[in-house]
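Asks: Please find one structure pasted underneath; my questions will follow.
The values are calculated or read from the model by the stated rules, or taken from the named source; none is laboratory data. The structure presented is a predicted model; accordingly, all values stated were derived computationally and were not measured. Because the Cβ atoms are built from the backbone with ideal geometry, glycine has one as well, and the counts that use them run over all protein chains shown.
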Amino acid sequence: MEYKILREEAYVTVFSLNADFEYKGIKYEATCQYYNGGGIEDIDVFRIVEDPGEVNDDWKTLEKIAKEIFEDMDIEKYITH
């Protein structure tokens with residue numbers, strides 16, 4: 001059978017981004033959804049350590065850090081499938 005391919009495409013519309021970081025001696029995990037062509041949404045940040053003691057987390061700062069990490073992330077370098 002003879003044929004000519006005119007176009008092939010694999011397009012991903014949503015990426016789940018994940019990153020771990022440390023801030024003020026406490027480890028955190030951040031997640032978000034990156035919509036291809038639409039940007040970052042639904043940033044969540046969680047403490048990784050089980051019992052950091054008495055901590056007053058500044059969640060706005062943590063979200064800002066996570067957003068910066070995700071905006072600078074090289075998705076092609078870290079993509080897994």
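Asks: Residues that are on the phi < 0 side of the Ramachandran plot and in contact (Cβ under 8 Å) with a residue 60 or more places away in the chain: find the strands (runs of 3 or more DSSP E) completely inside region 1-51 holding 1 or more of those.
Replies: Where strands (runs of 3 or more DSSP E) fall fully within region 1-51 and carry at least 1 residues being on the phi < 0 side of the Ramachandran plot and in contact (Cβ under 8 Å) with a residue 60 or more places away in the chain, they are 14-23.
Asks: While we're looking at this one, here's another question. Quick check: is even one residue across region 46-57 among the charged types (D, E, K, R) and surrounded by 12 or more Cβ atoms within 10 Å (Cβ to Cβ)?
Replies: yes
Asks: Sticking with this one: State whether the residues of region 63-76 include one that is in a loop (DSSP other than H, G, I, E, B), modelled with pLDDT of 90 or more and aliphatic (A, V, I, L, M).
Replies: yes
Asks: Given the residues I40, I69, which is the only one that is surrounded by 11 or more Cβ atoms within 10 Å (Cβ to Cβ) and touching a Cys at 6+ places or on another chain (Cβ under 9 Å)?
Replies: Checking each option against the conditions leaves just I40.
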